[in-house]
Amino acid sequence: MGRYTWDFSVITANWDPLMAGLAVTLQLTAICAVIGLIGGFLVCQMVMSRIAPLRWLAIGFIELFRCTPALVQIIWIFYCVPYFFGVFYDPFYMAILALGMNITAFNAEAYRAAIQSIPASHYDACTALGLSPLKKTIYVILPQAVLMAMPVLLTNTIGLLQQTSLVAIVAIADLMYEGKTLATQTYRPIEIYTTVAFIYFALSVPLSQVVGLCERRLRSRLA
C-alpha cells in the first residue's frame, strides 16, 4: 500500500459550503440550547410538583428522551410525526423539535439535582418572608439552580453541539452534511472529515474550558 498524500487544497476550494453548514450547526445549537435551558427548568418543576399527573408526565418525558438514542428520536420525529399527526414542517424545525426535547430532558435532571442541593434553610426563609410560590421560584430557586447546575448545563450544550451532526441523516445542510457531500464529490474524505472533526473540536474546547472554570468557581463559592 502506497503512502497517502494529503491534499488540503480541496478544503480551501470548498470553504464556503463548509462555512454555510457551520452556520446551520451553530443556529441549531443556539436555538436548542435556549429551549433546553428554559424547558429543562419547567420540566424539572413538573417533576417536583405535588400534582401526580404532571409529575408522571414529566418523568415519562425525561425517561423517554434519556433512554433512547438521539438518532432514533430525530428519525422518528422527522418521518413519523408527519405521518401520524399530519404535521408538516421544514426539516430544520423538525430537527429543533427533536434536539430541543432531547436536551430539555437532560437539563431537567441537572436542574433537579441542583434544586435538591439548595439548603432547607432557604426555603424556611421564603416561608418566613411570606413569599408566594411564584416569587420563591423566580427569586430564590431559579438563580441558585442555574448557578449550581451551570457546569452540567454547559456540558450538555457541548453534547448538543456534537449531536447536531446527526441531523445530516435527514438531509439538513449542517456542517456534517456539507462535509459528507463534499467528500462524495471530491473523493477526498480523509481531508474533509479531518477538517470537520477539527471544527467541532475547536468549538467544543472553549466550552469545556468554561465548564472547568465554572466548576472551580462553584467549589470555591460553596467552600
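The values are calculated or read from the model by the stated rules, or taken from the named source; none is laboratory data. As the structure is a prediction and not an experimental result, all values here were calculated from the model. Quick reminder, even Gly has a Cβ in these numbers, built from the backbone with ideal geometry, and neighbours come from all protein chains shown. Surface areas here come from the heavy atoms of the whole protein model, side chains and all, with no ligands, DNA or RNA. Shrake-Rupley method; radii C 1.70, N 1.55, O 1.52, S 1.80 Å.
Using heavy atoms of the protein chains and a probe of 1.4 Å, the accessible area assigned to Trp6 is about 140 Å². Residue order by solvent-accessible surface for Arg188, Arg3, Arg66 is Arg3, Arg66, Arg188, largest first, with ligands and nucleic acids left out and a 1.4 Å probe.
Applying the criteria of a DSSP loop state and at most 13 other Cβ atoms within 10 Å to the chymotrypsin sites (Phe, Trp or Tyr not before Pro) of segment 147-221 yields Tyr187.
Note on Arg112: accessible area approximately 70 square angstrom, rounded to 10, probe 1.4 Å, nucleic acids and ligands left out. In the set [x] 75, 49, 30; [y] 48, 39, 32; [z] 64, 40, 35, which value of Cα extents along the principal axes in Å was calculated from the structure you see? Matching the structure shown: [x]. A Förster radius of 30 Å combined with the Cβ-Cβ distance from Val205 to Tyr139 puts the calculated FRET efficiency at roughly 0.25.
So how do Glu63, Glu191, Glu178 rank on accessible area, 1.4 Å probe, biggest first, that is with the largest at the start?
Ranked from most to least accessible, the order is Glu63, Glu178, Glu191.
Helices in the chain that qualify as membrane-span-like (whole DSSP H runs, Cα extent of at least 27 Å along the helix axis, mean Kyte-Doolittle hydropathy of 1.0 or higher) are 15-47, 142-163. Multiplying the residue separation of Val72 and Ala197 by 0.36 nm and removing their Cα-Cα distance gives an extension gain of 42.8 nm. Between Ser9 and Ile169, the FRET efficiency estimated from the beta carbon spacing at R0 = 25 angstrom works out to 0.30. Between Ser220 and Thr127, the C-beta separation translates, for a Förster distance of 45 Å, into a calculated FRET efficiency of about 0.90.
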